[in-house]
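Okay, structure first, notes after.
FYI, it's all coordinate maths here, none of it is from the lab. Here the structure is a predicted model, which is why all the values come from computation and not from measurement. Note that we place each Cβ from the backbone using ideal geometry, even for glycine, and neighbour counts take in every protein chain shown.
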Amino acid sequence: MRFRATIENAPIFYRLIQAVEKLQKKCIMKFTETEMHVICNDDANEGGIQVWSVVKVDTMFTSYRIQSNANNAITLTLSTEALLSALRSSSSSASSSSVAAAIIPSYDADEVVMKLAKKNEQAVLSFEMYGMSRSGRRVRVAHDVRIDVMRPAESDKLHEPRCPDPEVHVLLPPLLKIRTIVERLRPLSDVLALRANNSGILQLSINTDTVKLETQWVKCGNPSMAKHEIAQNDENDDAEDILLNKPDPDKMFCVLVSIRSFLKFLNSHVVSATTILCLCHNHCAILYVYIGEIADAGGVLTYYIPTVIDGDE
């Protein structure tokens, strides 16, 4: 089993892990010949939230080499905090003001190599940084992250949640603006209602015995994802119904979610260029956070937030 790659885009890698680090203490990473997957699927997560992300190899790495007996795929578990620390030390550019005041190293790495290794019989993901110190001296810094390699049989059991077809897809406003609003709602309610229709209206609201508040956006845009859905169902004779049976554009669809879960999703604002919310009425919310613009996105983080039962709604 061999794996080695040069990290070409350390700031994006850092922000990706920063987004999921708030979700759970350990994550699953799967490397294939063409993609990197980062998965947080612990049932104990706040509100049952999960994230399944996939990033194209050429978005993040160069000199990428992988070899294994499992179709050249390697799956491992590791601490998100330890991984974040390693990536933080890789470059001062990962510590920009938009990444919440990380510690700036005393050198600038011009090459960051990530590889699978074994230290004292312990498997590690080793990060080797080569660069120039501020005094002009050449430096090499190594940072090892302990890992557990998953057996192929365990890896094969990993599957994204199965959900019904969403009734509505809507483009979200900037996530940082949404987070400002939701943080103000958090002390007032544990449950947040997400509502949207196919006319570009998006609503966030809370409803308790003492307070009712609603924030609404209009003209959000309803992207067509029918082609993607049909591609997944191309063997289904009823696939054309996805296009033909469109719901009433003014009908509102709703999912109640844990407000804390939604705030954890909003940490992905550090990555987001475009985010699409999909509502499966009274079942779950699916959120696609694109790395880059949709047309040429280098990857996507997919969040699944199940509905909660609330008697006030």
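FRET efficiency for the Ser79 to Asn207 pair, using the beta carbon distance and R₀ = 30 Å, is estimated at 0.20. Across the range 1-70, the relative contact order, built from alpha-carbon pairs under 8 Å that are at least six residues apart, equals 45 percent. The range 116-159 to the range 1-40: how many Å between their Cα centroids? Between the Cα centre of the range 116-159 and that of the range 1-40, the gap is 12 Å.
Beyond 22 Å in Cα-Cα separation lie the following of the pairs Lys30/Lys118; Lys26/Lys157; Lys177/Lys212; Lys22/Lys115; Lys56/Lys177: Lys22/Lys115; Lys56/Lys177. How many nm separate the modelled label positions at Thr215 and Leu176, each set 7 Å beyond the Cα in the direction of the Cβ? Simple spin-label model gives 1.5 nm for this pair. At a Förster distance of 25 Å, what's the computed FRET efficiency of Arg138 paired with Arg65, Cβ-Cβ distance as r, to 0.05? Taking R0 as 25 Å, the efficiency between Arg138 and Arg65 is 0.50. Computed over the range 1-97, the range of Cα coordinates on each principal axis works out to 37, 34, 19 Å, biggest value leading.
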